[in-house]
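**Q** Right, I'll just put the structure down here and ask away after.
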Amino acid sequence: MLVVKKVCRSIIQSCLAEQGNHKDNQEALNKFKFYYLVKLGKNDFLNLCFLDNDEVKDITKNGRRLENVAKTSMKLLENNDGILSSNWDLKKTIKTTIYTLKVSNLPSFLPLIIRDAKNGEQNHGSNYYIQDGNHRCLGYAIFLLRNPDKGFIEQESYLATNYDLFNRID
């Protein structure tokens, strides 16, 4: 992960509001001390922790690490229409991703919103949880796994964390 710059929480909350997020999703970021714009490499991206709720339980049964969720989704699509709920249609998610990649001249998708993994989320092999952008992440992860010859597009993300990444000693 490349840390680009520090940002203020209000920028991330504005981004969430513009994308139609509910107030509780915006307020979830208030618990963190530091906010950054980062660029995720392929491994960072595929290691993100995915959403966990009843709607997506069929694709998180083999773990919530994004790469595992994408692989489970691909397997499910072999035998299923990919509709998990009214909000989760895997085929539509993939089509939207492919369309975005073909027609947009953007260097990446809209910025993701990620935060420190907590409450057992890190048990899935990730340090960061996808706070906003699960559909985009899943669509792009499936695309990457199906097209390993295609280059990875760095994913700009806003990170909410309790760690000062500029003054860190490793």
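**Q** Only one of these is out of contact with any strand residue (DSSP E or B) (no Cβ under 8 Å at 6 or more places or on another chain) and free of Cβ contacts under 8 Å to residues at least 12 places away in the same chain: Ser86, Ser73. Name it.
**A** Testing whether each residue is out of contact with any strand residue (DSSP E or B) (no Cβ under 8 Å at 6 or more places or on another chain) and free of Cβ contacts under 8 Å to residues at least 12 places away in the same chain leaves just Ser86.
**Q** OK, next. Taking the residues in the stretch 53-63 that are of a type in the set (S, T, N, Q) and under 17 Å from the mean Cα position of the chain (by Cα) as candidates, determine which candidate is surrounded by the fewest Cβ atoms within 10 Å (Cβ to Cβ).
**A** Within the stretch 53-63, the subset of a type in the set (S, T, N, Q) is 53, 60, 62.
Those left that are additionally under 17 Å from the mean Cα position of the chain (by Cα): 53, 60.
Working: Asn53: 11, Thr60: 20.
Among those residues, the one meeting the criterion is Asn53.
**Q** Scan Asp44, Asp89, Asp81 and give me the residue that is under 15 Å from Glu154 (Cα atoms), out of contact with any Lys or Arg (no Cβ under 6 Å at 6 or more places or on another chain) and not polar (S, T, N, Q).
**A** Asp44
**Q** Right, here's the next one. Report whether or not Phe50 is at pLDDT 90 or above, surrounded by fewer than 20 Cβ atoms within 10 Å (Cβ to Cβ) and aromatic (Phe, Trp, Tyr).
**A** no
**Q** To continue, here is another question. Among all residue pairs at least 6 apart or on different chains, which show Cβ distances below 7 Å where the first residue, located in the stretch 93-113, is surrounded by 12 or more Cβ atoms within 10 Å (Cβ to Cβ) and at pLDDT below 75 and the second is part of a helix (DSSP H, G or I) and basic (Lys, Arg)?
**A** Phe109/Arg136
**Q** Then there's this: Do we find that Leu145 is touching a residue at least 12 places away in the same chain (Cβ under 8 Å), within 19 Å of Ile59 (Cα to Cα) and surrounded by 11 or more Cβ atoms within 10 Å (Cβ to Cβ) in this structure?
**A** In short, yes.
**Q** May I pose another question? Give me the pairs, please: first residue somewhere in the stretch 35-59 and of a type in the set (Val, Ile, Thr), second residue anywhere and surrounded by 22 or more Cβ atoms within 10 Å (Cβ to Cβ) and part of a helix (DSSP H, G or I), beta-carbon distance under 7 Å, and either six or more positions apart or on two chains.
**A** These pairs meet every condition: Ile59/Val69; Ile59/Ser73.
**Q** Still on this structure, I have one more. Please verify whether Gly120 is loosely packed, with under 11 Cβ neighbours inside 10 Å and either over 30 Å from Lys33 (Cα atoms) or modelled with pLDDT under 95 (or both), treating the condition exactly as stated.
**A** Yes, satisfied.
**Q** Identify, please: which residue in the stretch 120-170 is hydroxyl-bearing (Ser, Thr, Tyr) and in contact with a strand residue (DSSP E or B) (Cβ under 7 Å, 6 or more places away or on another chain) and is, among those, farthest from Met74 (Cα to Cα)?
**A** Tyr163
**Q** I've got another one for you. Quick check: anything in the stretch 7-20 surrounded by fewer than 19 Cβ atoms within 10 Å (Cβ to Cβ) and at pLDDT 95 or above?
**A** yes
**Q** Moving on to the next point. Considering only residues that are outside any strand (DSSP E or B) and surrounded by 11 or more Cβ atoms within 10 Å (Cβ to Cβ), look in the stretch 148-168 and name the one that is farthest from the chain's Cα centre (by Cα).
**A** The extreme case among them is Asp164.
**Q** Specify the residue that is surrounded by the fewest Cβ atoms within 10 Å (Cβ to Cβ); the eligible residues are those in the stretch 64-82 that are farther than 17 Å from Arg146 by Cα and at pLDDT below 95.
**A** Taking the candidates together, the pick is Asp81.
**Q** Starting from the stretch 3-16, keep only residues that are in contact (Cβ under 8 Å) with a residue 12 or more places away in the chain, then list their pairs with residues that are assigned to a loop (DSSP other than H, G, I, E, B) whose Cβ atoms are within a distance under 6 Å, requiring at least 6 positions of separation or different chains.
**A** Once the first residue is in contact (Cβ under 8 Å) with a residue 12 or more places away in the chain and sits in the stretch 3-16, its partners that are assigned to a loop (DSSP other than H, G, I, E, B) give Val3/Leu165.
The values are calculated or read from the model by the stated rules, or taken from the named source; none is laboratory data. Since this is a predicted model, take the numbers as computed values, not measurements. A quick note on method: Cβ atoms are made from the backbone with ideal geometry, for glycine too, and the neighbour counts reach across all protein chains shown.
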